[in-house]
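FYI, it's all coordinate maths here, none of it is from the lab. These figures come from a predicted structure and were not determined experimentally. Please note: Cβ atoms are built from the backbone with ideal geometry, for glycine as well, and neighbour counts cover all protein chains shown.
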Amino acid sequence: MIEAKRTVDSLMIRTVLPAEAAAVAALHLRARATYYPGGLPDDGHDWPALWARAVARPDGQVLCAVREGRLVAVASFRTPQDAPADTVELMQFHVDPDHWCSGVGTALHAACVEQWRADARRTAVLHVHAGNHRAQAFYAHRGWIPDPENPPAEDDHHLCLRFAVPGE
């Protein structure tokens with residue numbers, strides 16, 4: 001588990017602190033708002049509380065990227081329910097839109113993969129919003145492919161992607 005701070009250039013990748021749940025939720029909402037053309041729908045979720053629970057989960061991890069003291073990206077992952085122990089699900093992955101195309105997402109993704117490899121994970125899965133073409137391109141560029149075992153239903157708003165975690 002990445003506990004200690006890891007700095008790459010001016011970017012620090014580390015575990016999110018419990019006190020940062022509200023900041024993580026705000027970043028999450030800013031990033032999500034970019035792929036809803038009519039504006040972010042009110043989903044009724046208490047996102048700061050949900051992020052606080054994600055940070056506290058013993059079976060998961062939430063990493064963040066910090067640049068110049070500001071949280072600029074977040075990723076959460078855990079073992080999906082009823083999945084093999086060598087599978088991990090990337091539950092959330094968000095980069096502040098002001099930091100797109102700056103290497104932040106690439107560095108955070110690399111830190112996730114490093115952690116998965118250390119945890120003996122061999123497969124990662126995720127669900128990406130069908131209208132979020134930017135995220136789909138980001139994931140495809142890093143080796144994620146459509147999950148052949150979970151094709152989208154006709155009315156599904158999400159695509160399931162799969163990633164083979166590289167070995168040592």
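What to note about this one:
- Tail beyond 25 Å, pair distance distribution of the stretch 14-168 (Cα, percent): 27
- Within the stretch 77-168: Cβ-based charge dipole about Cα centre, in debye rounded to nearest 20 (Lys, Arg +1; Asp, Glu -1): 300
- For the stretch 60-148, DSSP calls about 80 percent of its internal beta bridges antiparallel.
- Magnitude of the charge dipole, the stretch 66-119, Cβ model with Lys/Arg +1 and Asp/Glu -1, debye to 20: 140
- Separation of alpha-carbon centers, the stretch 113-168 and the stretch 28-96, rounded to whole Å: 15
- Helices that extend 20 Å or more along their long axis by alpha-carbon positions and average at least 0.0 on the Kyte-Doolittle scale are, among the DSSP H runs of the chain, 104-118.
- Summarising the strand pairing of the chain, around 90 percent of its internal DSSP beta bridges are antiparallel.
- Relative contact order [Cα under 8 Å, 6+ residues apart], the stretch 64-163, whole percent: 23
- Check: the chain dipole with +1 on Lys, Arg Cβ and -1 on Asp, Glu Cβ, in debye: 560
- For the stretch 91-168, the square roots of the Cα gyration tensor eigenvalues, ordered a ≥ b ≥ c, give a/c of at least 1.5 with a/b no greater than b/c, which places it in the oblate category.
- Taking amide H as placed 1.01 Å from N in the peptide plane, the amide H of Val165 sits under 5 Å from that of Thr123, Ala124, each at least 5 places away or on another chain.
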